[in-house]
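Here is the structure we will look at, set down as structure tokens.
The values are calculated or read from the model by the stated rules, or taken from the named source; none is laboratory data. All of these numbers come straight from a predicted model, not from anything done at the bench. Counting neighbours? That spans all protein chains shown, and the Cβs are built from the backbone with ideal geometry, glycine included. What goes into the accessible areas is simple: the full protein's heavy atoms, side chains included, and nothing from ligands, DNA or RNA. Shrake-Rupley method; radii C 1.70, N 1.55, O 1.52, S 1.80 Å.
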Amino acid sequence: MKQDASRNAAYTVDCEDYVHVVEFNPFETGDSGNLIAYGGNNYVVIGTCTFQEEEADVQGIQYKTLRTFHHGVRVDGIAWSPETRLDSLPPIIKFCTSAADLKIRLFTSDLQDKNEYKVLEGHSDFINGLVFHPESGQGIASVSDDHTCRIWTLEGVQTSLFVLHSPGMSVCWHPEETCKLMVAEKNGTIRFYDLFAQQAILSLESEQVPLMSAHWCLKNTFKVGAVAGNDWLIWDITRSSYPQTKRPVHMDRACLFRWSTISENLFATTGYPGKMASQFQIHHLGHSQPVLVGSVPVGSGLSWHRTLPLCVIGGDHKLLFWVTEV
């Protein structure tokens, strides 16, 4: 029986290629449209999407591609800069990517004549996470299988290097805690680094491996979530370095964890694309069971809308959007 990829998705957008990664812009851009970026085998597409949940005159989803950037190599990660503005003249689009050639590319565009990119080199293995400084946008942090976390200027100068004990899987910079950086390692350790002192100040332990993804809660700086092995795990860093709550979630090993941008109790997880389908789940800490279960034949990437309880996942020639209740 052929499974319909969009069976559980509220909305879909067709793409020209397999989507490896997708990211909603998490920052206010001065425009009502929601910026979204997705990456394929050799390009990045920047678009806007508006949903019927936010605009009464929209039926379902209204999607428009603003620009396609040639990338030349598979896109593994995308991070948005807070300097991106759609209400400036000309508009400013700024984002960076990590790629299969172990390089970071910083793109700047005015959506017209100016389309530049700069290459940041230094990692010697796959880059698993990258993020801009959430206030100034004047720094980029990245983590890699090469057991390092690095911080770069926009000119490509490396200003900090933290040596890790295992591959770095996730890196988070919180808008309310900009002098700290959260780094999650595959061996199950999550560390917070003080960027002034250039040293670790706190660590959390998952007690199970491999830790594949971790995220710092936007709505509550004391909350951290992750997936390790088949489970999701939640920490309250004021209480213990061990998880407060954990639950088995994906039979085929969990892959990604992302907090909602609008609630400290809502988060999503994905499993690995298996023989049948990759499972996608939305969870609420007030419920013992997932509040939504989706299925994607080949799912990759996971991102929450900035102001709605809505998730996007990349698939084969598709973006798939799920809506849930808060």
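Solvent-accessible surface of the chain, taken per residue with a 1.4 Å probe and all protein chains present: 42 Å². For the residue pairs 180/219; 103/219; 186/219; 94/114, the alpha carbons lie more than 21 Å apart in 103/219; 186/219. The aspartates and glutamates within cross-link reach of residue 246, meaning a Cα-to-Cα straight distance under 20 Å and a gap of 8 or more places when in the same chain, are 185, 205, 207, 231, 236, 264. Residues whose amide H lies under 5 Å from that of residue 125, counting only those 5 or more places away or on a different chain, are 146; hydrogens are built 1.01 Å from N in the peptide plane. Expressed as a whole percent, the accessible area of the chain that falls on carbon and sulfur atoms is 47 (1.4 Å probe).
Separation of the range 178-244 from the range 107-140 is 24 Å, based on Cα centroids.
Calculated FRET efficiency, residue 28 to residue 208, Cβ-Cβ distance, R0 = 25 Å: about 0.10 to the nearest 0.05.
Of 69, 84, 102, which is farthest towards the positive pole of the range 14-121's charge dipole, taken about the Cα centre with +1 and -1 on the beta-carbons of Lys, Arg and Asp, Glu respectively? Of the candidates, 102 comes out farthest on the positive side. Only one of [x] 6, 25, 32, 25, 10, 2, 0; [y] 6, 25, 31, 22, 12, 4, 0; [z] 6, 28, 38, 24, 5, 0 was calculated from the structure for P(r) over Cα pairs in 10 Å bins from 0, in percent, and its label is [z]. Is the shape of the range 125-205 best called rounded, prolate or oblate, per the rule: a/c under 1.5 gives rounded, else a/b larger than b/c gives prolate, else oblate, with a ≥ b ≥ c the square roots of the Cα gyration tensor eigenvalues? Judged from the Cα gyration tensor, the range 125-205 comes out oblate (a/c at least 1.5, b/c at or above a/b).
For residue 8, the residues 5 or more places off, or on other chains, whose built amide H falls under 5 Å of its own are 295. By how many nm would the segment from residue 16 to residue 236 lengthen if fully extended, with 0.36 nm per residue of separation less the alpha-carbon distance? Length gained between residue 16 and residue 236: 75.0 nm. Rounded to whole Å, the principal axis extents of the Cα atoms in the range 58-179 read 48, 34, 33, largest first. The relative contact order of the range 159-278 comes to 17 percent, based on Cα pairs under 8 Å that sit 6 or more residues apart. What range in the chain is the longest one free of trypsin sites (Lys or Arg not before Pro) that are in a loop by DSSP and have at most 10 other Cβ atoms within 10 angstrom? Longest stretch, sites excluded: 3-238.
Globularity index of the range 178-266 is 1.04 (Cα radius of gyration / 2.2 N^0.38 Å, N = number of residues). Comparing 282, 300, 248 along the charge dipole axis of the chain, the residue lying farthest to the positive side is 248, per the Cβ-charge model.
Which FRET efficiency, nearest 0.05, do residue 115 and residue 199 yield, Cβ-Cβ r, R0 51 Å? The value I calculate is 0.80. Kirkwood-type hydrodynamic radius, the range 14-121: 14.3 Å, calculated from all non-identical alpha-carbon pairs. One decimal place: the segment residue 42-residue 219 gains 60.3 nm when fully extended, by the rule 0.36 nm per residue minus the C-alpha distance.
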